[in-house]
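Accompanying notes for the structure given below.
The values are calculated or read from the model by the stated rules, or taken from the named source; none is laboratory data. Given the structure is predicted, the values throughout are model-derived calculations rather than measurements. Note that we place each Cβ from the backbone using ideal geometry, even for glycine, and neighbour counts take in every protein chain shown.
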Amino acid sequence: MPHYEFYCAVQERSGPDPVHRGSGAPGQVAPMTTHILPAFLGLLALATAVHAEDAWMLWEENAFDGPPWRRLELFGTEPECQTGAFREARLTYDKLLRRGTIHSGHLKLEGSRVRIPVDFGDWIVSYECFPDTVDPRGSTGK
């Protein structure tokens with residue numbers, strides 16, 4: 001893997017260099033990697049850790065057709081995830097209406113849930129948000 005170093009030019013001036021104290025003669029090029037890059041990488045690692053704690057996963061619960069819980073999409077915040085849940089419910093509702101097998105008067109869109117009448121009761125497809133650290137399938141899921 002190639003190694004890259006970033007350099008910044010130091011302007012010539014008389015007297016000690018306040019930024020690169022003792023780093024060499026005036027006008028010498030000094031590597032930025034010794035000060036700025038490690039600080040930047042530390043901040044990046046911290047931001048990534050904080051973001052991971054705040055991540056929200058959108059799940060589909062559909063016990064009738066397929067596995068009961070299915071991961072759909074990862075979001076940075078809970079409100080973004082909730083918006084995604086409403087969007088997915090609307091897409092499912094519209095897809096079922098286009099099929100034409102269910103009369104629009106029987107099919108119900110209830111927030112992030114779609115209620116579909118079937119012979120034995122209602123089939124509900126639900127879109128739920130959980131913190132990324134929570135798996136609604138329980139201990140056998142992940």
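Take the residues in the stretch 94-130 that are small (G, A, S) and surrounded by fewer than 14 Cβ atoms within 10 Å (Cβ to Cβ); name whichever of them is nearest to W56 (Cα to Cα). Give the derivation first.
So in the stretch 94-130, the residues small (G, A, S) come out as 100, 104-105, 111-112, 121, 126.
So of that shortlist, the ones also surrounded by fewer than 14 Cβ atoms within 10 Å (Cβ to Cβ) come out as 100, 104-105, 111, 121.
Working: G100: 34, S104: 32, G105: 33, G111: 18, G121: 31 Å.
For the stretch 94-130, the residue satisfying everything is G111.
Here is a check on your reading of the model: is E60 of a type outside the set (F, W, Y), crowded, with 16+ Cβ neighbours inside 10 Å and not in a helix (DSSP H, G or I)?
Spelling it out, E60 is indeed of a type outside the set (F, W, Y), crowded, with 16+ Cβ neighbours inside 10 Å and not in a helix (DSSP H, G or I).
Checking L91 against (1) outside any strand (DSSP E or B); (2) under 12 Å from E61 (Cβ atoms), only one condition comes out false. Which one?
Of everything listed in (1) outside any strand (DSSP E or B); (2) under 12 Å from E61 (Cβ atoms), L91 misses just condition (2).
Restrict the check to the stretch 73-85 and report whether at least one residue is outside the structural domain of C129 (by TED's automatic domain parsing), modelled with pLDDT of 55 or more and touching a Cys at 6+ places or on another chain (Cβ under 9 Å).
No, the stretch 73-85 has no match at all.
How many residues are within 26 Å of P131 (Cβ to Cβ) and acidic (D, E) if we restrict to the stretch 74-119?
Count: 4.
Return the residues of the stretch 86-132 that are out of contact with any Ser or Thr (no Cβ under 8 Å at 6 or more places or on another chain), modelled with pLDDT of 85 or more and of a type in the set (S, T, N, Q); say none if nothing qualifies.
T92 - this is the single residue of the stretch 86-132 that is out of contact with any Ser or Thr (no Cβ under 8 Å at 6 or more places or on another chain), modelled with pLDDT of 85 or more and of a type in the set (S, T, N, Q).
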